Amino acid sequence: LMLALAWVYSAPPLRLCARGLGELTTAVIVTLLVPWLAFVLQRGTIERTLPLAVISPCVFQFAMLLAIEFPDAAGDAASGKRTLVVRWGGDWAARVYVAVISFSYLALPLWVHFGLQPRIAIATSAVAPLAAWQVTRVAGGAWRDPERCESVGFGSVLLLITTAVVELLAALTG
């Protein structure tokens, strides 16, 4: 599945990266399927709760891709690259950004109910102030401002990496 999705991400005829599906494809491959495969290869077992641990990083990867597309929207549109920001427009993409990050935190108790280890949910929650700052900035229109737009992308990268690191540390210390 990873190889097939990676191939159709940029290869014709599907070329998902230019059709508004590249962001979701990338998030699924990089932050869901790769960690899952690594876990299975190292442990030799498939655990049903593993996808619950990678939902937040997967969501944050998707949001990060939206954030880094904001400053490129005009160039992408001119070159025919139909990213989600180009297809939806910046306002709508910003609302989706806010919604998916908010959903990720609001859903943590549900994921714990379904088997996510509480220490991983707590570790993810520790990064909530950064997420709240990002959500506030994007909702406030920072993505429109050329002087703040790059920092929105950087903050999104930081949110993804920090969440992955704290979740990993929580898993290793449990």
In square angstrom, rounded to the nearest 10, how much accessible surface does Cys58 have for a 1.4 Å probe?
20 Å²
Cα-based shape type of the stretch 31-89, given that a ≥ b ≥ c are square roots of the gyration tensor eigenvalues and the cut on a/c is 1.5
prolate
Just to verify a number: FRET efficiency for Leu168 and Ala139, C-beta to C-beta distance, R0 = 35 Å, to 0.05?
0.75
Treat every Asp and Glu Cβ in the chain as -1 and every Lys and Arg Cβ as +1, leave all other atoms uncharged, and give the resulting dipole magnitude about the Cα centre to the nearest 20 debye.
320 debye
Once His113 and Ile161 are pulled to full extension, the length gained, defined as 0.36 nm per residue separation minus their Cα-Cα distance, is 14.8 nm
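Order the following by accessible area, largest value first: Tyr9, Tyr105, Tyr97. Probe radius 1.4 Å; ligands, DNA and RNA are ignored.
Tyr9, Tyr105, Tyr97
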Over the chain, what portion of Cα pair distances is larger than 24 Å, expressed as a whole percent?
39 percent
Most to least accessible of Met64, Met2 (protein chains only, probe 1.4 Å)
Met2, Met64
Can you give the accessible area of Asp72 in Å² (nearest 10), computed on protein heavy atoms with a 1.4 Å probe?
80 Å²
Using label points projected 7 Å from each Cα along Cα→Cβ, tell me how many nm separate Ile46 and Trp88, to one decimal.
3.0 nm
In Å, what Kirkwood hydrodynamic radius results for the stretch 92-174 from the alpha-carbon pair distances?
13.5 Å
Ranked from the most accessible area to the least, with a 1.4 Å probe and all protein chains present, what is the order of Ile101, Ile161, Ile46, Ile68?
Ile46, Ile161, Ile68, Ile101
Tell me, what is the percent relative contact order of the chain, built from C-alpha pairs under 8 Å that lie six or more residues apart?
24 percent
At what distance in angstrom do the alpha carbon centres of the stretch 23-57 and the stretch 121-170 lie from each other?
21 Å
Would you calculate the separation in nanometres between label points at Ala11 and Ala38, each defined as 7 Å from the Cα along the Cα-to-beta-carbon direction?
2.5 nm
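With all protein chains present, how much of the accessible area of the chain (probe radius 1.4 Å) comes from carbon and sulfur, to the nearest whole percent?
69 percent
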Accessible area per residue, Å², the chain with all protein chains present, probe 1.4 Å
53 Å²
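The values are calculated or read from the model by the stated rules, or taken from the named source; none is laboratory data. Keep in mind that what you see is a predicted model, and the values were worked out from it rather than measured. For neighbour counting, all protein chains shown are included, and Cβ atoms are generated from backbone atoms with ideal geometry for every residue, glycine included. Surface accessibility is based on the protein's heavy atoms, side chains included, excluding ligands, DNA and RNA. Shrake-Rupley method; radii C 1.70, N 1.55, O 1.52, S 1.80 Å.
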